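Single-structure report; data block below.
The values are calculated or read from the model by the stated rules, or taken from the named source; none is laboratory data. Here the structure is a predicted model, which means the values were calculated and not measured. Here the Cβ is made from the backbone with ideal geometry for all residues, glycine too, and neighbour counts use every protein chain on show. For accessibility, only protein heavy atoms count, side chains too; no ligands or nucleic acids. Shrake-Rupley method; radii C 1.70, N 1.55, O 1.52, S 1.80 Å.
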Protein chains: 2
Amino acid sequence: MLPKLRSAVVCLTASLSIASGQTFRRLGTCPELGCVLPPDQQEFLPGQQFDIRFEVHAPKNGSEAFNNGVADEKFTATIAKGGGRPKSIADFFKLKEPTLETWTFSWHEDLFAQEAKTPSIVNVASKIYRRVALYEPGEYTVTLNYYSGKKTTAQWTVRPLATKKKAKNVVFFIGDGMTTNMITAARLLAHKTVNGKYQSLLALDKFPVVGHQMSHSIDTFITDSANSASALYSGHKSTVNAMGVYADSSPDPFDDPKVETIVELLKRIWGSAWGAVSTAFLADATPIALTGHSRSRYTYGALIDQALNGVSNYSWTKMDGPDVYFGGGAEQFLPGSGSYQGKDYYAEFAKKGYSISLNNTALSAASNRDKALGVFCRSNFPVWLDRNIFKENLDKLNNDPSGAKGSAKDLPGLKEMTLKAIDVLHTRGGQQGFFLMSEAASIDKQMHALDYDRALGDLLELDDTIRATIEKLKQLRILDDTLIVVSADHGHGFDVFGSADTKYLNAKEDDRDKRNAVGVYENSGLSQYVVAQPGVSYNTGPNFPLNWDPRYVIAAGMGANPDHREAYGVDKTGPRSPAATIVNGSSDYYVNPKDKPNGFVVNGTLPTDQSQGVHSLTDVPVYALGPCQDAFGGTYNNIDVFYKIADCLGLGHGTNKTEDRGK
Amino acid sequence: MLPKLRSAVVCLTASLSIASGQTFRRLGTCPELGCVLPPDQQEFLPGQQFDIRFEVHAPKNGSEAFNNGVADEKFTATIAKGGGRPKSIADFFKLKEPTLETWTFSWHEDLFAQEAKTPSIVNVASKIYRRVALYEPGEYTVTLNYYSGKKTTAQWTVRPLATKKKAKNVVFFIGDGMTTNMITAARLLAHKTVNGKYQSLLALDKFPVVGHQMSHSIDTFITDSANSASALYSGHKSTVNAMGVYADSSPDPFDDPKVETIVELLKRIWGSAWGAVSTAFLADATPIALTGHSRSRYTYGALIDQALNGVSNYSWTKMDGPDVYFGGGAEQFLPGSGSYQGKDYYAEFAKKGYSISLNNTALSAASNRDKALGVFCRSNFPVWLDRNIFKENLDKLNNDPSGAKGSAKDLPGLKEMTLKAIDVLHTRGGQQGFFLMSEAASIDKQMHALDYDRALGDLLELDDTIRATIEKLKQLRILDDTLIVVSADHGHGFDVFGSADTKYLNAKEDDRDKRNAVGVYENSGLSQYVVAQPGVSYNTGPNFPLNWDPRYVIAAGMGANPDHREAYGVDKTGPRSPAATIVNGSSDYYVNPKDKPNGFVVNGTLPTDQSQGVHSLTDVPVYALGPCQDAFGGTYNNIDVFYKIADCLGLGHGTNKTEDRGK
C-alpha cells in the first residue's frame, strides 16, 4: 500500500518535548526551533549539487508555544570548513542573498490531539540558497543563529574524492520490499533439496559478496519506498513520501531543498547512458526517484515531466531524459488528468527522439540506437504469476497502455525489458558505459496484500532476470566491466513457519480446527512446489516451481496485518485483497468476506484504517558481483550504497570543471 | 519452545506417495523402501569418523504396503570410489560383517490418519557398520540392493584435504534463533540516530564479512536447535530433535549412526582445548550438540555424561570432557532424577580434575590452569533484562544450582562467562590453541514467548560480549590468530513494523481502538529507548537502551502465534506466557488471561496445541572476523559453516595417523 497522500499543509508528524525521538514531530529533522536543511550529520559526495534551506519556527500554541508565534526574520547562517573561520552562506558559495519566505503549517502533538482535532500552529520564516556544492573533502559546520542567541548547528561531511571510474557499467537491481526471509522462501519454492542439499540454487545464492543495509529514513525508523530509493540514488536520506529533496515545512511540494542524484551526476560528469526498468508504473517511487525532486511522491505527472525535461522551476542539473524507460503507468503518458498539464507524454518523448513501444513485439523490434520508451500497461504490471500461470486473470484487467478499453496484450516480463535495456544502453553508452536500475516492484506490492505466492513469483522473476543479465553481459563481453548490485529499499516482516495441509484445512469447519492443518518443525516436511505432478505442467521451466498449487503449501505470515483470513495456498483468480470496508466511504477495515472464504479469521495488529500490510524495520540484503564487489560486504547505511556505487563510477570530483557536461 | 518429545517408537512423520516431498513421511531421509544412512548427497571431511546404517522397510499396511510386511534380510551393500569397482562395505572398511537387527515402527500418513488413529506399521531389517572414515577426497557411490532387484544409492562427497591450521583459535558465537531482523531491532533500541545516521553501532555492525546460511534440516524445511547445531558442528544435517547422528527408525535413541563433531576432531587431531558457554541449561541442544550423539535431544542426563566421558556404548572418539563448561541446568548435575543414572555430576566432573563454580565470585576466582565447570542455576539463565533491570524478578525463582531452595544469587552474565572461558582456554590450549562456542540462548527462548524486549536484551548482551571478546583477545595478543564467527541456528519470523503509543493504547477500551495506537511509516518516529529520561537510570551503560519503558515503544510481531494479546512495551514482572490452557491437562491453548490484560486480542495462526511461537525458515546471518574471514561471504548451507571452520583449523586429513591422539 502506498502511504497516504498528505494535505498541502505539509507537516504532520511531530513532538511532545523538543529534544527527543517521538512519534509525532513538528518537523522530523528539526527538533529545535531553527532548522538547517540538509541537517546535522549529513554526508555529501564532493561536487554533488544541493540546495540549503534555513527555517525558523514560531509555534503559536501547544507545548512548544514561543515568541507569541512571531518567527524571527533576522536569522543569520554561516558555514565553516574544519575549524576555519565561519563565512556567511552567501559569501561562501558566492551567491546573492535570497528573498525571505514565510508560511504557516500545523501538526498534532499526539494521537489524543489528533483525535481532539487540536492542531498546533507554527509560523515560519525561511531562506533557501539554491544549487551549491562542496568540493573539498572534510568536515563542515553550518550554524543558524536566531531569536538573538539561539543556535542550531549542522555538522556535514564531504566524502573523499573518487575521480577514477573502476566500473564502466552498473546494473542495480532492486527487489522492492525484498528481504532475506523472502529470498529463502523463494528458494524453497523453486529449487529442490535432496537430503538437505539444494540441487540447484538462486542466481542470488551465487553472488560472492553479501552485505546488509539499514533502510530507515531520516526522521522515522520505518521508511516508504520514495525516500529509501532516494537514499540509494543520492546518498541523502529523506522523509516518508519525499525524494531528491530534504523535506521542508512549506506547502509547495516542489520548493524543498534538492540533492543531485546518481544519474544526474553520471550524465553531467561522464555523459554515460542510463535507464530505468520497472514492473511498477514509471512514476512510482523506485523508478521515479532517479530523477524526481519532490516532497510528495504523489505528484506523478510532474515527476514524469522531471524525468524527461529535468527540474524546470529552478536552475538545476540538466536532464534530457533517460536513454531507456520501460515500465507501466500509461496514465502519466496518455493525455488527461493523470499527465502533467494534461499533455500527451508519448508525444513529448517522441519529440525528443524516443522510440515508443507499447507491447513486447514493439519492444523487441525497437532500435538499439535510439532512446527508448516502453509503457506496457496502465498502473502496475500484472504479476509474474498472472502473466505466466493464471493468464486468464489478465483478461479481467482494463489496462491497455494505448488508452483503448480492455487489457494490455503481449506484455514483456522484467527479463525481456532488462535485456533489451542493456542492448540499448550498451549501444548508446559506448565508451562512457551505462547505469541501469531494474526493479521488481510487486514483491512489495503483493506482500502488502499478503499475497505471498504472487510476491515470491515476482522475486523469482527478478532472480531469473539477474541470471539472464549475467549471461547477456557475458555474451556482450562486458561482464568484467560491470558492477551488478542487487538490493531492496526496505522490508516486510514476512517469514515461513511451516507447511499447511490445504486438504485438511478445507475439510474442517471450525477456525481452530483449520489451524491444526499447519505443520511445524518435523511436520513442515519438504517443499511440494518442486515435485512434478503427473498431468500438471506450468511450462515455466527451471528456476520456478513445478507446481504452484500443491496439497501441502507453505504456511507464512507477518506480524503486521489488517483483519483478514488465512487459508494458505495460491489464489488462482487473482491478487488478494485481504481487508475491506463495511460502510461505504469509511476507512475502517475488516476481514474482506470475499477473500479466502475457506480460511480462518486472523484479527489485525495494525490501525483499523490500514487495508494492507506495512513496511518493516529489518536491514535488507545487498549482493554484489563485479568491479568494486568487495566494498559491499559488511553492514552499512542505505546511503552508503550510493557512495559505494559513486566511488566505483568515479563521481566524486574536487572541481566544478566537469559541471554541466550535459548542457 | 522445545519441540515435543516423541514416543520410543520413533518415526512419526511420513508420506502420501513414495517419491516426493511431503509433510508426513515414513522416514524423512528414506523415500524408498531401502535406506542408506548417511543418505544420498551427504558430504564428509576427509578422515571424519562416522557409522553407516542400512535399513530395509516392509510396510505392513497403508498406501505403501509391500511384501506382506516381511522385510528382506538378505540385502547387500557396496561402496565404490569414483567410477571404481564396488566393494562390499565390510571389505572396503576392513570390518567384520555386523549382526542383522530387526524392529517395527509406526507412523501416520497424514492428519486424517492421525486423527482417525490408523497408523501404518513398518517392519525393518537393518545392519550398522560402526566407526569408519573416508580419507580420499572425491565422489563415492554407496548402493543398497534389496528385495531381489530394488536398489537405493547414495552419492557421497569427501571434501578436499585441509591439513594446515590457518587460525590458532576459533570463537564461535551462536545467537540462538537470531535473525537479521532482530539485529536491526536491537540496534534501534540501543543506539541512537541523528537525522538518519547512527551515532554508535553494534559490535556486529563492524564485522568486515557477512554471509547467509540456510538452516533447514535434512528432511524438513523448519529445523529445531538440535539438528541445526549439529550441522554447524559436524557438517552433517540431521532430523528434528537429533544431534551427532543420522536418525534411523529404531526405537533406541542411542544406536543411530553417528558422525564426529568439530571438538572431537579438534581434540583428536591437534589436542587443542575447547569449551562451551551458554545461558541455557548445559544439556540444551546448542551446547550439548558439540558432543552429543543421540536421536533425542531430551535424553539430557545421558548427554551430559557423553560430554564428560564420551560415547560409552560403542567404540568412538575419546572424549575427556570440555576444558570449559559454563551454563545453567543444575538438574543434570545434582544427583537425582535429572542426572544420568542418578549420579552426582558435580562429583563426576570434580573427579576428573575440574574446578566447580556455582556463582560469579567462584568463577572469577577459579584457576585458569584447571578444567572448569560452572553451573550457575537450575534450568536456563534468567534473561539479561531480569538480571540487570528488573532484578526483583530473580527473587521469585527457585533455581539455586546447589540444590538448596531459593533463587540463584550472584549470577555471571554471558560476558563474564565468555571472558573467563577465554582465560582458561588460552592457558590450557597453549600452542595448540582453542575452540570456544558461546551461546546467547534466550534470544530464541524469549522469541518463542513473544517477549520481544527480553529477546532483544539478550541479543544486546551477546553483542556486548562480542565487543568485550574482541577487546580481550587484543589484550592477550591473540586477536590476529583467532577466527571469530557469529551466527544463529535458525530464525523466528520477527520484525518491527512501527511504534505504539502505550499511553493511548492503555487509555482505550475497545480492541479496535487500541490498535490505532500503532504508528506506521511517518508515524513510526524515532527510537525513544535511546532518549534519557530525567530521574530514570537503568545503569546499563552504553550499548543498551537508556530507557526500557518509554511511552512510544516498538510495535513488533511475527506471523506464527498462538492466541495472545498484544499491548507492546516491556513486561516488568517477568517473562511473558502468551497462551494458556483453559481445561487442566488439556493441550488446547487460548489467550492467557493473565498476560497483557490491557492488550488487544490476536487470535493465533498456529495449531491450537502450540503454546508459543515457532521457528522459521529464513536464512540466518553469519559474521566473520579474523583468519579465513573471507570464506564466510556469500550464501551457503549451514553445514558449510562447519567445513569453513574445519578448513581454517586444518581438520581434514588424508591418513588416519592422527587418530585417537586423545586416548
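Search the structure for amide H atoms under 5 Å from the amide H of residue A:28, placed 1.01 Å from N in the peptide plane, and list their residues when 5 or more places away or on another chain.
Amide H to amide H, under 5 Å and 5 or more residues apart or across chains, residue A:28 pairs with nothing.
Rounded to the nearest 5, what % of DSSP beta bridges with both residues in the protein assembly as shown are antiparallel?
On the way: 136 of 206 bridges.
Rounded to the nearest five, the antiparallel share is 65 percent.
Summarise the partner chain shielding of A:229-237 as one whole number: the mean count of Cβ atoms from other chains within 10 Å of each residue's Cβ.
Details: counts 0, 0, 1, 0, 0, 0, 0, 1, 4.
The shielding value for this peptide is 1.
For the range B:132-227, how many pairs of lysine residues have a Cα-Cα distance under 27 Å, where the two are 8 or more positions apart or belong to different chains?
Working: B:165/B:206; B:166/B:206; B:168/B:206; B:192/B:206; B:197/B:206.
Within the range B:132-227, the lysine pair count is 5.
Which whole-number percent is the relative contact order of chain B (Cα, under 8 Å, 6+ apart)? Present the calculation step by step, with values, prior to reporting the outcome.
On the way: 1686 pairs, mean separation 120.2, N = 663.
Averaging sequence separation for qualifying contacts and normalising by length gives 18 percent for chain B.
Kirkwood-based Rg over Rh for the range B:402-476 (C-alpha set), two decimals?
On the way: Rg = 15.1 Å, Rh = 14.2 Å.
Result: Rg/Rh = 1.07.
Can you list residues from other chains, or at least 5 along the same chain, whose modelled amide H is less than 5 Å from the amide H of residue A:372?
Here the answer is A:324, A:325, A:355, since their amide H atoms fall under 5 Å of that of residue A:372.
What is the average number of partner chain Cβ atoms found within 10 Å of a Cβ in A:620-630?
Numbers: counts 2, 6, 1, 3, 1, 0, 0, 0, 0, 1, 4.
Other-chain Cβ atoms within 10 Å of each residue's Cβ, averaged: 2.
What is the percent carbon and sulfur in the accessible area of chain A, measuring with a 1.4 Å probe over the protein chains and ignoring ligands? Let's see the in-between values first.
Working: 10270 of 20660 Å².
Whole-percent figure for carbon plus sulfur exposure: 50.
Convex hull over the Cα atoms of the range B:383-426, averaged projected area in nm²? Don't jump to the answer; show the numbers that get you there.
Details: hull surface 14.2 nm².
Its Cα hull, projected and averaged over all orientations, spans 3.5 nm².
If you take every DSSP beta bridge whose two residues both sit in chain A, what share of them, in percent to the nearest 5, is antiparallel?
Numbers: 68 of 103 bridges.
DSSP beta bridges in chain A are roughly 65 percent antiparallel.
Every other copy gets compared here: list the nm distances from the residue A:510 label point (7 Å along Cα to Cβ) to its counterparts, shortest first, one decimal.
Reported distances to equivalent positions: 3.0 nm.
Cross-link partners among lysines for residue B:81, C-alpha distance below 16 Å, same-chain residues fewer than 8 apart left out?
B:94
Please list, ordered by chain and number, the residues whose modelled amide H lies under 5 Å from the amide H of residue A:280; skip anything fewer than 5 residues away on the same chain.
Counting only residues 5 or more places away or on other chains, the set is A:328, A:381, A:441.
Calculate how many DSSP beta bridges within the range A:34-158 are antiparallel, expressed in % of all such bridges and rounded to the nearest 5. All intermediate terms of the calculation are to be shown ahead of the outcome.
Numbers: 38 of 40 bridges.
Antiparallel: roughly 95 percent of the beta bridges in the range A:34-158.
Per residue of chain B, what 222 nm ellipticity follows from adding -39500 (n - 2.57) for every DSSP H run with n ≥ 4, rounded to the nearest 500?
Here the helix-only value at 222 nm equals -6000 deg cm²/dmol.
Taking Cα pairs under 8 Å and at least six residues apart, what relative contact order does the range A:583-663 come out at, in percent? Please report the intermediate quantities before stating the final value.
On the way: 24 pairs, mean separation 15.5, N = 81.
For the range A:583-663, the relative contact order is 19 percent.
Compute the signed sum of charges (Lys and Arg +1, Asp and Glu -1) over the other residues within less than 11 Å, Cβ to Cβ, of residue A:300. Spell out each step's value before the answer.
On the way: positive: A:297; negative: A:284, A:305, A:331.
Value of the local net charge: -2.
Near residue A:86, within a Cβ-to-Cβ distance under 15 Å, what is the net charge of the other residues, with Lys and Arg +1 and Asp and Glu -1? Don't skip to the end; give the middle numbers.
Values: positive: A:81, A:85, A:87, A:151; negative: A:91, A:139.
Surrounding charge for residue A:86 is +2.
Can you check what the Kirkwood hydrodynamic radius comes to for the range B:457-586, Cα pairs only, in Å to one decimal? Don't jump to the answer; show the numbers that get you there.
Values: mean 1/r = 0.0552 Å⁻¹.
Radius from the Kirkwood sum: 18.1 Å.
Determine the per residue accessible area of the protein assembly as shown with all protein chains present and a 1.4 angstrom probe, expressed in square angstrom.
On the way: 41360 Å² over 1326 residues.
About 31 Å² of surface per residue is accessible.
In the range B:34-158, if every C-alpha pair distance is counted and binned at 10 Å from zero, what percent goes to each bin?
Here the calculated profile for the range B:34-158 is 13, 39, 28, 16, 4, 0.
In a Debye calculation with equal point scatterers on the alpha-carbon sites of chain B and no solvent, what is log10 I(q)/I(0) at q = 0.05, 0.07 Å⁻¹?
Debye output, listed in q order: -0.23, -0.46.
Compute the separation of the alpha-carbon centres of the range A:123-193 and the range B:106-156 and state it in Å as a whole number.
Centre-to-centre (Cα) distance: 56 Å.
In nm to one decimal, list the spacings between the residue B:118 label point and its equivalents in the other copies, with label points set 7 Å along Cα to Cβ, shortest first.
6.9
Per residue of the range A:92-99, what does 6.51 cos²θ - 1.76 cosθ + 1.60 with θ = phi - 60° give for ³J(HN,Hα)? Whole Hz please, x for Gly and Pro, Karplus curve as stated.
4, 9, 6, 10, 6, 5, x, 5
Between the alpha-carbon centers of the range A:577-592 and the range B:309-369, tell me the distance in whole angstrom.
Each part reduced to its Cα centre gives a spacing of 61 Å.
Using the Karplus curve 6.51 cos²θ - 1.76 cosθ + 1.60 with θ = phi - 60°, work out ³J(HN,Hα) for each residue of the range B:397-407 in order, rounded to whole Hz, and write x for Gly and Pro.
8, 10, 9, 4, x, 7, x, 5, 5, x, 9
Using DSSP to call loops (not H, G, I, E or B), can you name the trypsin sites (Lys or Arg not before Pro) in the range A:516-625 whose Cβ has at most 15 other Cβ atoms within 10 angstrom?
Passing both the DSSP loop test and the Cβ count: A:572, A:594.
Setting aside same-chain residues fewer than 8 positions from residue B:572, which lysines have a Cα under 18 Å from its Cα?
B:391, B:396, B:445, B:503, B:594, B:596
How large is the Kirkwood hydrodynamic radius of the protein assembly as shown, counting all unique pairs of alpha carbons, in Å?
Taking every pair of different Cα atoms in the protein assembly as shown, averaging 1/r and inverting gives 32.2 Å.
Using Cα-Cα distances under 8 Å and only pairs 6 or more residues apart, what relative contact order does the range B:34-158 have, in percent?
Numbers: 278 pairs, mean separation 48.3, N = 125.
It rounds to 39 percent for the range B:34-158.
Counting only protein heavy atoms and rolling a 1.4 Å probe, how much accessible area do B and A lose on contact, total for both sides, in Å² to 100?
On the way: alone 25650 and 25590 Å², together 41360 Å².
Summing both sides, the interface buries roughly 9900 Å².
Run through every distinct alpha carbon pair of the range B:433-512 and return the Kirkwood hydrodynamic radius in angstroms, one decimal place.
On the way: mean 1/r = 0.0634 Å⁻¹.
Computed over Cα pairs of the range B:433-512, the Kirkwood hydrodynamic radius comes out at 15.8 Å.
Could you tally up the Lys pairs in the range B:239-374 with alpha carbons closer than 18 Å? Skip any pair fewer than 8 positions apart unless they're on separate chains.
Lysine pairs satisfying the spacing and distance rule in the range B:239-374 number 12.
Heavy-atom accessible surface, probe 1.4 Å, ligands and DNA/RNA ignored: which residues of the range A:181-216 lose at least 50 Å² versus the isolated chain?
At a threshold of 50 Å² (probe 1.4 Å), the residues of the range A:181-216 that become less exposed are A:181, A:184, A:195, A:196, A:197, A:210, A:212, A:214.
What are the semi-axes of the equivalent ellipsoid of the range B:354-484, taken as the square roots of 5 times the eigenvalues of the Cα gyration tensor, listed largest first and rounded to whole Å? Spell out each step's value before the answer.
Values: eigenvalues 146, 74, 23 Å².
Three semi-axes, in Å: 27, 19, 11.
When each copy gets a label point 7 Å from Cα toward the beta-carbon at residue A:430, what are the spacings between them in nm, shortest first?
Label point to label point, same position, other copies: 7.2 nm.
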